[in-house]
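None of the figures in this text is laboratory data; all of them are computed from the coordinates on show. Here the structure is a predicted model, which is why all the values come from computation and not from measurement. Glycine gets a Cβ as well: all are built from the backbone with ideal geometry, and neighbour counts include every protein chain shown.
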Amino acid sequence: MTLPLTIENLTAHYGPTKVLEDLSLSVGAGELVSLLGASGCGKTTTLRLVAGFLEPTAGTILLGGKDLTKLPAYKRDIGLVFQNYALFPHLSVLENVAFGLKQRGISPAERQKRALAMLERVGLSPLADRLPGALSGGQKQRVALARALVIEPPLLMFDEPLSNLDAKLRIDMRVEIRQLQRANGTTSVYVTHDQEEAFSISDRVAIMNAGRIMQFDTPEVLYQRPANAFVARFVGFENLIPMHVLARQGEQVIAEAAGGVKLHFNQDRFGQIPDDFVLAARADGLAATANLAAEGLPAMLGLRTYLGRAYQYQCETAAGLLVANGSLSDPLRSGDGARLVPLPEQCCILAPEHS
Amino acid sequence: MMTSRIHPLLLLSTVLVYIFLMGPLIIVFGASLSDTTYLTFPPQGLTLRWFENIFKIGAFRRTIVTSLELAFLATGLALFIGIPAAYALNRYRVQLPTWLSTVFVLPILVPEIVFGFSLLKSVAVGASAPIFVALLIGHTLLVLPYCVRVISASLASFDFSIEEAAVSLGSPPIKTFFTVVLPNVRSGVIAAFILAFITSINDVSTSLFLTGPGISTLPIQILAHVEQFFDPTIASVSVLLMLLTVAVMAIIERTLGLTFLAK
């Protein structure tokens, strides 16, 4: 069974502090959506609201058309996987997995059978009789996963499930989680602060900040076409250069950056360009060249670092400190003047940030 | 074969500590067996008649029963109040003011004499409660801090997301408390029970103010007895009090431990 989750205009407070503001989000049936953001952005609050551990000040939560908002947590039928595993320390691995089945009044023989089958799927059936204390972190998280999946919930939610594991295991586990989720087709909400983790396993990612969703889209779109300066910075656009349009000639736009340098932009590539905008580029999208005749931002090269695929330069410009890459075949020296040429296919044009 | 050498000073201090701890017990136990009409150690002759004598004295018989009733009821009540209190103090630690948990140690901070006197003024005289009720209120308040503190310590290491996991799996909150939270703080509850029980059954200062005509507790009766007699009965009744405490501890550890294990 799998159902779509719809969150409408959710607002939540901790005491007088507003932690979530008018948040709307829809997760399609069978989809895995990540809530991504720094701590305090409201992602865990959103999860706890959906789980029923917190009450919203306003808004509704619908699971397959059924209103969960006023339903007590224990009736919501949502599978949860916690950061610190939250296994029952006094119960064996098998009893942990069977716990949810027991609450559903399933006979002891049947729940043992189903719990064992689920343990088999996560590769832990030999450890069925152990207590959780005797398991490693990865094993504990597998038990937690089995425990949440065995009740066949219409919605599965993960709260930073891999944060307590080491780097290697984290990658293995996230693949495993994704495979299980795909195989079961369970609608899933995944909370994490790890961008790579979110992008690698999600169908769509909601990037959150200060209780709002800044952008909600596929990882590809988020990575290549951030919708605003916050998301751009979040997904690694180091250079955000404020610009002002001077002239328009058909699809050609001439804009000026701080220091009076003029650059040409083509609306065929960027769409309608507003009069004031921010040019966003990763270091990869800003090519450092010694050719002072090239159309680019005049810069004084600072520290050079070696990235393997390119050299990276810290650059002093009239628009502030920028980061640009230069080719390996043509190393430039610190202290030299250079031009930083924006590569249109790797740049974004964004609305200016509100100060 | 390796032999680890023990420093003579360490050995000496260990032996001294043991003598210090065990000495009084051995002396009281020895004195209770002495075949003399006065308290003496080492015992002269061996007899159990002083133990027999306890049960010949009606006051001892009655106060043993009263003390046991009081200890069980007060401990039970204190756990009944203390477990939810400790749970709330830990579960909602962030939301609750810090002084709230301090309130629960006040009965320990106030000198017991003052505590007993204020109870006499308010409960026994002020509210003119029956003697046993006044004693019960006094003892419950006296042992409550132990229950709250010990169970709180146990809950401090309890991860409340475990409780949330159970709820998310369909277990209602109250049921979750009994099937998931309580089994994981079992040792704290047992320790609280033992501490509270010992405190109640040995209490003198508070009981002194609250006992009255017809109703007394064993320690108060011992005190009264010592004022008039100096025979080894007092030693034997002390031994009995110790044995009683140990027996209760053993039974609690067994039964409470087993029922909790049986889920």
Checklist entry - What residues qualify as long-range amide H neighbours of A:Ala58, i.e. H under 5 Å apart, gap of 5 or more or another chain, H built at 1.01 Å from N? => result A:Thr11
Next on the checklist: Using Cβ counts within 10 Å as a stand-in for footprinting exposure, how do B:Ser207, B:Ser152, B:Ser187 rank, fewest first?
Outcome noted: B:Ser187, B:Ser152, B:Ser207
Checklist outcome for this item: Using eta = 1.002 mPa s and T = 20 °C, Stokes-Einstein with Kirkwood Rh from Cα pairs puts D for the stretch A:1-155, in µm² s⁻¹, at 127
Checklist entry - Can you list residues whose amide H is under 5 Å from A:Met157's amide H, if they're 5+ apart or on another chain and H is modeled 1.01 Å from N? => result A:Gly79, A:Leu80, A:Val81, A:Val189
Checklist entry - Around A:Thr69, which amide H atoms from residues at least 5 apart in sequence, or from another chain, sit under 5 Å from its own amide H, with H modelled in the peptide plane? => result A:Ile61
Checklist entry - Counting alpha carbon pairs within less than 8 Å and at least 6 residues apart, what relative contact order, in whole percent, applies to the stretch A:100-194? => result 28
Checklist entry - Got a sec? How would A:Glu176, A:Glu220 order by Cβ neighbour count within 10 Å, fewest to most? => result A:Glu220, A:Glu176
Checklist entry - Which angle between 0 and 90 degrees, to the nearest 10, do you get for helix B:8-32 versus the longest principal axis of chain B when only C-alpha atoms count? => result 70
Checklist entry - For the stretch B:146-162, what does the Karplus curve 6.51 cos²θ - 1.76 cosθ + 1.60, with θ = phi - 60°, yield as ³J(HN,Hα) per residue in whole Hz, taken in order and with x for Gly and Pro? => result 5, 4, 5, 5, 5, 6, 4, 4, 5, 6, 4, 9, 8, 8, 5, 5, 4
Next on the checklist: How tilted is helix A:93-103 with respect to the longest principal axis of chain A? Cα atoms for both, answer in degrees (0 to 90, nearest 10).
Outcome noted: 80
Checklist outcome for this item: Ranked on Cβ counts within 10 Å of their own Cβ, fewest leading, A:His244, B:His139 go A:His244, B:His139
Checklist entry - If you average the sequence gap of Cα pairs under 8 Å that are 6 or more apart and divide by the length of chain B, what percent do you get for the contact order? => result 30
Checklist entry - Over 19 Å between Cα atoms, which of A:Lys18/A:Lys43; A:Lys75/B:Lys175; A:Lys140/B:Lys175; A:Lys102/B:Lys175 qualify? => result A:Lys140/B:Lys175
Checklist entry - In whole Hz, what ³J(HN,Hα) sequence does the stretch A:48-63 give by Karplus (6.51, -1.76, 1.60; θ = phi - 60°), x for Gly and Pro? => result 5, 5, 5, 6, x, 8, 10, 10, x, 6, 7, x, 10, 10, 10, 10
Checklist entry - Across the stretch A:304-320, in residue order, what do the Karplus-derived ³J(HN,Hα) couplings come to in whole Hz, using 6.51 cos²θ - 1.76 cosθ + 1.60 with θ = phi - 60° and x for Gly and Pro? => result 9, 10, 9, 9, x, 8, 6, 9, 10, 10, 7, 10, 8, 9, 5, 8, x
Checklist outcome for this item: Between A:Asn164 and A:Arg212, the two model label points (7 Å from Cα along the beta-carbon direction) sit apart by a distance in nm of 3.5
Checklist entry - With contacts defined as alpha carbon pairs under 8 Å and 6 or more residues apart, what's the relative contact order of chain A in percent? => result 16
Checklist entry - Just counting partner chain Cβ atoms within 10 Å, what average do the residues of peptide A:73-80 show around their Cβ? => result 5
Checklist entry - What angle, in degrees between 0 and 90 and rounded to the nearest 10, separates the Cα long axis of helix B:186-202 from the longest principal axis of the Cα atoms of chain B? => result 40
